[in-house]
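Colleague: Take this structure, written in structure tokens, and hold onto it; I'll ask about it next.
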Amino acid sequence: MPSVSDLHSIGELARASGLTVSALRFYDSAGVLEPALVDPVTGYRWYTDEQIAPARLVAGLRRIGMPVPEIAAAVRAEPAAVHLLLDAHLRRLVDGLADARREVTRLRTLVEPAPETSTTVLLSPADLAAALDAVRFAVGADPELPMLSGVLLDVESDGVRLVATDRYRLALARARADVDGPPVRVFAPVDLVDRIRALLTAADARPVRLTVAGTALRVLVAGRTLTGSALPYDFPDYRRLVRKAVGERPTARRIPVDVAALRAALADPAAPTVARDHDGTPRAVTVLGVDDTGDLRLLPDTELTSEALLVGVDGGYLLDALNAAGGPQLVLELDGPIGPLAVRRPDDADTYSVLMPIRL
């Protein structure tokens, strides 16, 4: 062990690295940058020459707002891994800036409402029907959460993204469209959504015309005109929700599943479940796990281990997601017991749903 005369005090390392003394104490307690020697009598911290560069790295990562666990990983990682951490954090910063810009735009309209504009959208009835079917199951029905009781129509330059959530599940789909007018986000009430869906039939191929003017909605579908008003609530920032739930998950496993077989297994009265308390209510939880061959299994309580890749969900919600996704084959994305379960179509990156896990 080096002698104190060969070491740097915490104040010297603070000056050399750009970190404050209090920050160095914090990163010591967090296990990020521990001193080479702590005097057992005085408690003074001492550092080696070799710790100056890692301290400067910590200072830089702190300045760009990298989370502490990732800073800890970067200090111990090889250069290639540090570059990957930097790339991932930079993407988060870019996404965060985009979120901030959208929020600033919304706040500007609250301060000084923009002149009312009109946007007209022409959609294929088949595409719109498929998109509505993919998200309708996730619409919130809790009367105490009216801000979730509809479908968000996020009109982009060449299509419409549909989003619904009830907090426990989130569903997204996209329909191609011809758009005339500026992009617009409109929160359509579920009763209007259901009336539109009831008129979409395979026999009528005429385009659906959706016009958004302020909060007024006008839909020409199958020769009939439906009108309604957008719900006066701010729908959750689904882009941020998606990034947090199923964004960059390098440890996630994508498991192809036969939908008919999984549906039958879930509907079987003998299907294994585990009893858990969720939000103060006893629940029968369906636990999905991956066996040694990489196939999906429903696990009983006796097979739950900390080493296994598994996730607990509401079996009824999973059945809803399977039915809404359609198709004989789907991909389930698992990332452990505290990560959401994603239900994806193998050939459609824009249509998927996310189920929140139930703690096991």
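Colleague: Ratio of alpha-carbon Rg to the 2.2 N^0.38 Å globular estimate for the chain, to two decimals, please. Don't jump to the answer; show the numbers that get you there.
Modeller: Working: Rg = 26.1 Å, N = 360, 2.2 N^0.38 = 20.6 Å.
Normalised Rg, Cα atoms only: 1.27.
Colleague: Could you tell me the largest-minus-smallest coordinate of the C-alpha atoms of the range 27-106 on each of the three principal axes, in descending order and whole angstroms?
Modeller: Answer, in whole Å and largest first: 58, 28, 16 Å.
Colleague: Of TYR238, TYR233, TYR317, which has the most accessible area with a 1.4 Å probe, and how do the rest follow in descending order? If you can, show how the numbers build up before the last one.
Modeller: Values: TYR238 5, TYR233 90, TYR317 60 Å².
Largest to smallest exposure gives the sequence TYR233, TYR317, TYR238.
Colleague: In the range 183-298, carbon and sulfur make up what percent of the accessible area (probe 1.4 Å)? List each step's numbers first, then the result.
Modeller: Values: 3520 of 6580 Å².
Accessible surface attributable to carbon and sulfur in the range 183-298 totals 53 percent.
Colleague: Still on this structure, please answer the following. For the range 41-194, just list the percent of Cα-Cα distances falling in each 10 Å bin from zero outward, please.
Modeller: So the P(r) values, bin by bin, are 9, 23, 23, 18, 15, 8, 3, 0.
Colleague: If you don't mind, there's one more thing I want to ask. Which translational diffusion coefficient, to the nearest whole µm²/s, is obtained for the range 213-360 from the Stokes-Einstein equation, given a Kirkwood hydrodynamic radius over C-alpha pairs, 4 °C and 1.567 mPa s? Show your work: numbers first, answer last.
Modeller: On the way: Rh = 17.3 Å.
Once the numbers are plugged in, D ends up at 75 µm²/s.
Colleague: Work the Kirkwood hydrodynamic radius out for the range 261-313: mean of 1/r over every pair of different alpha-carbon atoms, inverted, in Å. Walk me through the intermediate numbers first.
Modeller: Working: mean 1/r = 0.0848 Å⁻¹.
After inverting the mean inverse Cα-Cα distance, the result is 11.8 Å.
Colleague: Leaving out ligands and nucleic acids, note down the accessible area per residue over the chain with a 1.4 angstrom probe, in whole Å².
Modeller: Working: 19200 Å² over 360 residues.
On a per-residue basis, the chain sits at 53 Å².
Colleague: Return the calculated 222 nm mean residue ellipticity for the chain, to the nearest 500 deg cm²/dmol, obtained by summing -39500 (n - 2.57) across DSSP H runs with n ≥ 4 and dividing by the residue count.
Modeller: On the way: 10 runs with 121 residues, N = 360.
So the helix-based figure for the chain works out to -10500 deg cm²/dmol.
Colleague: Right, here's the next one. For the range 147-190 and the range 44-73, what is the separation of their Cα centres, given in Å?
Modeller: 43 Å
Colleague: Moving on. In the chain, with Lys and Arg counted as +1 and Asp and Glu as -1 at Cβ, which of these residues, ALA164, GLY247, LEU334, has the Cα nearest the positive end of the dipole, that is, farthest along it?
Modeller: My answer, from the dipole projection, is ALA164.
Colleague: Using only the alpha carbons of the range 136-236, what is the convex hull's orientation-averaged projected area in square nanometres? Walk me through the numbers on the way to the answer.
Modeller: Details: hull surface 25.6 nm².
So the mean shadow area of the Cα hull is 6.4 nm².
Colleague: Using only Cα atoms, figure out Rg for the range 313-360 and give it as a multiple of 2.2 N^0.38 Å. Before the final figure, lay out each step's value.
Modeller: Details: Rg = 10.6 Å, N = 48, 2.2 N^0.38 = 9.6 Å.
Cα Rg divided by the expected 2.2 N^0.38 Å: 1.11.
Colleague: Along each of the three principal axes of the Cα atoms of the range 183-222, give the extent in whole Å, ordering the values from largest to smallest.
Modeller: Result for the range 183-222: principal-axis Cα extents of 32, 19, 13 Å.
Colleague: Per q in 0.14, 0.19, 0.22 Å⁻¹, report the Debye log10 I(q)/I(0) for the range 80-170, using one uniform scatterer on each alpha carbon and no solvent.
Modeller: Cα-only, vacuum Debye calculation for the range 80-170: -0.84, -1.12, -1.14.
Colleague: Using only Cα atoms, tell me the angle between helix 125-135 and the longest principal axis of the chain; keep it within 0 to 90° and round to the nearest 10.
Modeller: Relative to the chain, helix 125-135 is tipped by roughly 50 degrees.
Colleague: Give the distance, in whole Å, between the Cα centre of the range 231-260 and the Cα centre of the range 316-333.
Modeller: 14 Å
Colleague: Quick check on packing: order 10-22, 266-278 by the mean number of other C-beta atoms within 10 Å, highest mean leading.
Modeller: Listed from highest to lowest mean packing, they are 10-22, 266-278.
Colleague: For a label point 7 Å from the Cα of ALA81 along Cα→C-beta, name the residues of the range 232-275 whose backbone N is under 18 Å from it.
Modeller: Once the point is set 7 Å along Cα→Cβ of ALA81, 249-252 turn out to lie under 18 Å by backbone N, inside the range 232-275.
The values are calculated or read from the model by the stated rules, or taken from the named source; none is laboratory data. Computed from a prediction, not measured in an experiment: that's the story for all the values here. Ideal geometry is used to build each Cβ from the backbone, glycine not excepted, and the neighbour counts take in all protein chains shown. Protein only, heavy atoms only, side chains kept; ligands, DNA and RNA dropped before computing areas. Shrake-Rupley method; radii C 1.70, N 1.55, O 1.52, S 1.80 Å.
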